[in-house]
1. Take the Cα pairs of the protein assembly as shown, get the Kirkwood Rh, then feed it into Stokes-Einstein at 20 °C and 1.002 mPa s and tell me D in µm²/s.
2. Where does helix B:23-37 land angle-wise versus the long Cα axis of chain B, in degrees 0 to 90, nearest 10?
3. Taking +1 at the Cβ of each Lys and Arg and -1 at the Cβ of each Asp and Glu, which of B:I95, A:L211, A:I4 sits farthest along the dipole of the protein assembly as shown towards its positive end, judged by Cα position relative to the Cα centre?
4. Mind checking the dipole of chain B: about its Cα centre, +1 per Lys or Arg Cβ, -1 per Asp or Glu Cβ, Debye to the nearest 20?
5. Work out the mean other chain Cβ neighbour count within 10 Å for the residues of A:76-87 and drop it here as an integer.
6. Chain A: Rg/Rh from Cα coordinates, Kirkwood Rh?
7. So for each of A:182-188, A:159-165, A:61-67, A:123-129 I average, over its residues, the number of other beta carbons within 10 Å; can you give me the resulting order with the highest mean first?
8. In whole angstrom, note down how far apart the Cα centers of segment A:119-188 and segment B:172-207 are.
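None of the figures in this text is laboratory data; all of them are computed from the coordinates on show. Because the structure is a prediction, the values reported are computed rather than measured. So basically every Cβ, Gly included, is an ideal-geometry build from the backbone, and we count neighbours across all protein chains shown.
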Amino acid sequence: MNGIHDLGGMHGFGPINPEQDEPVFHHAWEKRVLGMFAPTFAAGLYCVDEFRHAIERMGAAHYLQSSYYEHWLHALETLALEKGVLTREELRTGHATPGVPKAQPALAATDVPKIVAHGASARVALDVKPKFKEGDMVVVKNMHPAGHTRLPRYVRDKLGCIDRDHGVFVFPDTAAHGKGEKPQHCYSVYFSAQELWGPKASRNDSVYVDLWDDYLVAA
Amino acid sequence: MNDLFHDHDDDDHVHPHGRALSDPELRVKALEQVLTEKGLIDPAAVDALIETYETKVGPHNGARVVAKAWVDREYKQRLLANGSAAIAELGYSGIQGEDMVVVENTATVHNVLVCTLCSCYPWPTLGLPPVWYKSAPYRARVISEPRAVLREFGVKIEDDVEVRVWDSTAELRYMVLPERPPGTEGMSEAELAAIVTRDSMIGVARLAPPKP
C-alpha cells in the first residue's frame with residue numbers, strides 16, 4: 001500500500017537528532033511489548049508480514065505521532081482482535097472472559113535462549129528457478145498494490161541491475177494476506193543514485209534494494 | 001487516533017501508588033494480562049526475552065565480529081561471502097539476523113544501512129535499534145541525501161568515494177564492516193573490539209585512531 005510507512009525520499013521531517021548514550025528502552029512498558037512479540041509469534045497469532053501490514057494500516061497521523069513500540073502494541077492488539085484471540089471487552093477490562101478454555105503457552109521461558117538463537121528465517125528450501133542472474137538489467141514494475149508490499153515507491157519504474165541473488169524467500173505480498181508463501185528469488189538490486197533522485201544526486205553514489213522476482217521485469 | 005482502544009474510563013486505572021498510568025502502559029498491561037490468563041503467553045518468557053535484549057545481545061557482539069575480521073584474513077573472506085555462517089562461528093545468530101549480509105567499507109566505498117519501510121536491523125550483532133534509526137527523518141533522508149545525513153553525524157565523505165545505501169526491504173539483515181583505523185597495528189583482537197562502535201557498523205560513523 002502507498003502508506004505513510006513508505007518514507008524513503010520524503011522531505012520535511014527535519015534533522016536526525018540522535019540521542020547520546022541512549023538506553024535500550026525508554027519506558028518499562030516498551031520492554032513488555034518487545035517481550036510479547038516472540039511468544040505471540042510462536043503461538044501462531046500472525047506471520048511477520050501480517051505484523052508489518054498491521055502497522056502500515058495505522059492512520060497516517062497516528063503512525064507519525066507514535067513511537068516504534070506503540071506501533072508494535074497497535075499491531076499486537078489489532079491482530080489479536082482480528083484473529084478472534086481476544087475481544088474488545090477483554091482488552092477494556094484487562095481480564096479474560098470467565099470460563100474460556102486456557103491454552104498452553106507456545107513459548108516457555110526455558111525455550112527462550114533456543115528461539116532467540118534460531119529465529120525464524122523466511123528462506124524457503126525449495127528449488128525455484130530464478131528469473132534473473134547477477135548482472136542482468138531490470139526495470140521495477142510500476143505497480144501500486146493496495147495491500148502489503150515491500151516494494152518502496154521510490155524504485156518503481158526505475159532501471160536497476162541485479163547485484164546478487166539471495167536465494168528463495170517467502171513473498172510478503174501474498175503471505176501478509178493469507179494467500180500463501182509463493183516462494184521466489186529475492187535479489188539485491190543496484191540503482192544509481194541519479195536514476196532514483198535525478199542529476200543533483202552524486203554521480204558516484206548508489207542504492208541497493210532487496211526485491212523479489214514478482215517486482216521485476218527484464219530491461 | 002486509534003479509536004478502538006481509547007474508550008478506557010481513566011478512573012478505573014489508577015496505579016496502586018496513586019500515579020495514573022499512561023495510555024500505552026494501560027494497554028500493555030491489559031493485553032499482557034488477557035494473553036496470560038488465556039494461556040497464550042508465559043510472562044516468564046517475556047521476562048527472559050527482555051533480559052536477553054537488555055543484557056546479552058548488543059553491539060558488543062558485532063564488535064567482536066569486526067575485530068576478528070580485521071585480524072583474520074580468512075575469517076573476513078568467509079564473513080563477506082556468507083555473513084550468517086561466519087557470524088554464527090562466534091555464536092551470534094537468530095531473531096532478526098537469520099540471513100546476514102556484511103558489506104565492507106574501504107578507501108573507495110562507504111556503506112550505510114537503513115530500512116525505509118519499517119525498522120529492520122541486525123539484532124544478533126547490533127542489538128535493538130536506536131530511536132533515530134527507526135524515526136521518520138533518518139528513514140526518509142538517508143536514502144536520497146546520504147552525504148547530508150552523514151555530515152549531521154560528523155562524517156565527511158570525500159567526493160570520489162562511492163556512498164552505497166542498503167535499504168533492507170526484505171528479510172536479509174545487513175551489517176557494515178568498518179575500516180580499521182590507522183594506529184591500531186599492535187592491538188589485540190579484544191582491544192580492537194573495544195574501539196568498534198554501533199554507529200560504525202550502521203555506517204553513520206568512521207572509527208578514529210585510538211587516543212595516545
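1. The calculation lands on 94 µm²/s.
2. Tilt of helix B:23-37: around 80 degrees.
3. Result: A:L211.
4. Dipole of chain B, to the nearest 20 debye: 960 debye.
5. Across A:76-87, the average partner-chain Cβ count within 10 Å equals 3.
6. Rg divided by Rh gives 1.01.
7. Order by mean packing, descending: A:182-188, A:159-165, A:61-67, A:123-129.
8. That distance is 32 Å.
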